[in-house]
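Structure first, commentary second.
Read the figures in this text as sums done on the coordinates, not as results from a lab. Keep in mind that what you see is a predicted model, and the values were worked out from it rather than measured. A quick note on method: Cβ atoms are made from the backbone with ideal geometry, for glycine too, and the neighbour counts reach across all protein chains shown.
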């Protein structure tokens, strides 16, 4: 049986999906559909994403929580056929610290949660990290994983 393949999604990718960002939703839905059909691939993220995705955009804007939106968020998290979580633990903490320290000597700044995301992706040996944060791409040389915006390969129209 082949080894599973892991695609890492940063929190901002989940937020773009849940907020149905007009420039991103079709790509994200295509990726989710493809993963759901491919029994050897999973999207993974750190469990801290469950905290970072506390609300969707219109809830924050209006400062009104909607129980149906919380149910939508939970439904996404509970679809373990597509998404799985990397639990934060001491080994990931050490890797995250090392990423931050290595970046610091290069003059780069990284938020703690972002370092945890990168370390989590490295821990599970993801083949790719997806994020809309353009400051992450330079960390590819530290974690050894391609970091880019989510994309799908479009078939040729020939």
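Considering only 148, 37, 106, the Gaussian network model of the chain with Cα springs below 10 Å gives its largest mean-square fluctuation to 106. Would you please give the FRET efficiency between residue 138 and residue 62, computed as 1/(1 + (r/R0)^6) with r the Cβ-Cβ distance and R0 = 41 Å, to the nearest 0.05? Computed FRET efficiency for residue 138 and residue 62: 0.70. Subtracting the Cα-Cα distance of residue 75 and residue 39 from 0.36 nm times their residue separation leaves 11.0 nm of extension gain.
In the chain, the DSSP-assigned H stretches of four residues or longer account for a calculated mean residue ellipticity at 222 nm of -13500 deg cm²/dmol, using -39500 (n - 2.57) per stretch and the full residue count as denominator.
Over the chain, what is the relative contact order in percent, taking alpha-carbon pairs closer than 8 angstrom and at least six residues apart? It would help to have the intermediate numbers written out before the result.
Numbers: 199 pairs, mean separation 48.0, N = 158.
Answer for the chain is 30 percent.
Taking the number of Cβ atoms within 10 Å of each Cβ as an exposure proxy, the fewest-first ranking of 70, 3 is 3, 70. Sorting 41-49, 75-83, 88-96 by their mean Cβ neighbour count within 10 Å, with the most densely packed peptide first, gives 41-49, 88-96, 75-83. Here r is the Cβ-Cβ distance between residue 19 and residue 127 and R0 is 25 Å; the resulting FRET efficiency, rounded to 0.05, is 0.45.
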